[in-house]
1. Find all pairs meeting these conditions: Cβ atoms under 7 angstrom apart; at least six residues apart or on different chains; first residue within region 37-57 and of a type in the set (S, T, N, Q) and assigned to a loop (DSSP other than H, G, I, E, B); second residue surrounded by 20 or more Cβ atoms within 10 Å (Cβ to Cβ) and modelled with pLDDT of 75 or more.
2. In region 203-227, what residues are surrounded by fewer than 23 Cβ atoms within 10 Å (Cβ to Cβ) and either small (Gly, Ala, Ser) or in a loop (DSSP other than H, G, I, E, B) (or both)?
3. Which count do you get for residues in region 126-183 that are touching a Pro at 6+ places or on another chain (Cβ under 6 Å) and of a type in the set (Ser, Thr, Tyr)?
4. Whether any residue in region 251-259 is at pLDDT 95 or above, open to solvent by 30 Å² or more (accessible area, probe 1.4 Å) and not basic (Lys, Arg) is what I want to check.
5. Does region 197-205 include one or more residues that are in contact with a Lys or Arg (Cβ under 9 Å, 6 or more places away or on another chain) and of a type outside the set (Phe, Trp, Tyr)?
6. Against the definition (in a helix (DSSP H, G or I) and either hydroxyl-bearing (Ser, Thr, Tyr) or at pLDDT 85 or above (or both)), how does LEU5 come out, yes or no?
Amino acid sequence: MDPILLALPYPSIDPVLVRLGPVEIRWYALAYVGGLAFAWWFMRRLAGTQRAGSRAGSRAGSRTLDDRAVDDLMFWAALGVIVGGRLGYVLFYKPGFYLANPERIFALWQGGMAFHGGLIGVALAIVLFCRKRRIDMFSAGDLAACAAPLGLLLGRLANFVNGELWGRVSDVPWAMVFPGGGPLPRHPSQLYEAFLEGLLLLVVINLWRRRAGALDRPGELAGLFCAGYGLARFVVEFFRQPDAFLPDSGFLFGFVTMGQLLSLPLVALGIWLILRARNRAAAAVNPAADDG
């Protein structure tokens, strides 16, 4: 039987939600706005439960995030997402193209953002902001980690609406023929990412926060986010179509994708953050044991 007949119909949705003359409001833009708005609200709510100056593992003299600090941090984080995401795409995926066309680097409306670059941008924004305000950056990172997966969920759903970043050719019953993806059905890998990197990670991190008291161990939730996202992205890359504009059709070393290569250091960072948080918490409870 023709595999195309077995494919689910792709629910063609207009990427533009509203058109007001020359102004267009796109679902993808709303995903960014919605993710940042949720992060602002949720971090404000969680900030009231933190006591960074007295929690185990916090730096001496560091302050907690109050509502005003969360407001300011979100401005820094938004800049970090945009600048880091764009530069990450330029440097990781199309350095040759943008070296030849540097003026196109600033053409954000033409698309092209990299999550790993955005994460680096946000991390730098948090570090610089916390150093300036004398706030414990690991505590701030924990709050960001609790909210970030929802932004990933919305972003991947927007990728699906846009009909981009589709998966590899497949004959699974839920495969779809994507516009621009050729005539063969493919994995809806955007939905896989929305579930693993977004919904599942959001639930796991916040359950861990509530049941394991992880906010009392600065850096643990940030580590859980890094390791969880890295593992989820590594797995999904087996189903996602590699970027065709990269050498060797997107495969590095013959079998590894760029997304997998960038995810491995993230997993290592996450494990280090978790171990650091737990070791510092244990040392605070039993200083004599830390002295050996």
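The values are calculated or read from the model by the stated rules, or taken from the named source; none is laboratory data. Quantities reported herein were computed from a predicted structural model and do not represent experimental measurements. Positions of Cβ are backbone-derived with ideal geometry, glycine not excepted, and every protein chain shown enters the neighbour counts. These area figures cover heavy atoms from the full protein model, side chains too; ligands, DNA and RNA do not enter into them. Shrake-Rupley method; radii C 1.70, N 1.55, O 1.52, S 1.80 Å.
1. If the second residue must be surrounded by 20 or more Cβ atoms within 10 Å (Cβ to Cβ) and modelled with pLDDT of 75 or more, the pairs left are THR49/LEU215; GLN50/LEU65; GLN50/SER139; GLN50/LEU215.
2. ALA212, GLY213, ALA227
3. Within region 126-183, residues that are touching a Pro at 6+ places or on another chain (Cβ under 6 Å) and of a type in the set (Ser, Thr, Tyr) number 1.
4. No, region 251-259 contains no residue that is at pLDDT 95 or above, open to solvent by 30 Å² or more (accessible area, probe 1.4 Å) and not basic (Lys, Arg).
5. Looking for residues that are in contact with a Lys or Arg (Cβ under 9 Å, 6 or more places away or on another chain) and of a type outside the set (Phe, Trp, Tyr), one finds at least one in region 197-205, hence yes.
6. Here the answer is no, as LEU5 does not meet what is asked.
Matching residues to (1) of a type in the set (A, V, I, L, M); (2) touching a strand residue (DSSP E or B) at 6+ places or on another chain (Cβ under 8 Å); (3) over 21 Å from ASP71 (Cβ atoms); (4) in a helix (DSSP H, G or I):
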residue: VAL81; (1), (2), (3), (4): yes, no, no, yes
residue: LEU99; (1), (2), (3), (4): yes, no, yes, yes
residue: GLU103; (1), (2), (3), (4): no, no, yes, yes
residue: GLY121; (1), (2), (3), (4): no, no, no, yes
residue: VAL127; (1), (2), (3), (4): yes, no, no, yes
residue: GLY141; (1), (2), (3), (4): no, no, no, yes
residue: GLY151; (1), (2), (3), (4): no, no, no, yes
residue: ASP171; (1), (2), (3), (4): no, no, yes, no
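Yes/no matrix, rows are residues, columns are (1) without any contact (Cβ under 8 Å) to a residue 60 or more places away in the chain; (2) in contact with a Gly (Cβ under 6 Å, 6 or more places away or on another chain); (3) on the phi > 0 side of the Ramachandran plot; (4) surrounded by 18 or more Cβ atoms within 10 Å (Cβ to Cβ):
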{"site": "ARG134", "(1), (2), (3), (4)": "no, no, yes, no"}
{"site": "ASP142", "(1), (2), (3), (4)": "no, no, no, yes"}
{"site": "PHE160", "(1), (2), (3), (4)": "yes, no, no, yes"}
{"site": "TRP166", "(1), (2), (3), (4)": "no, yes, no, yes"}
{"site": "TRP174", "(1), (2), (3), (4)": "no, no, no, no"}
{"site": "GLY180", "(1), (2), (3), (4)": "yes, no, yes, no"}
{"site": "PRO185", "(1), (2), (3), (4)": "no, no, no, yes"}
{"site": "TYR192", "(1), (2), (3), (4)": "yes, no, no, yes"}
{"site": "GLU197", "(1), (2), (3), (4)": "yes, no, no, yes"}
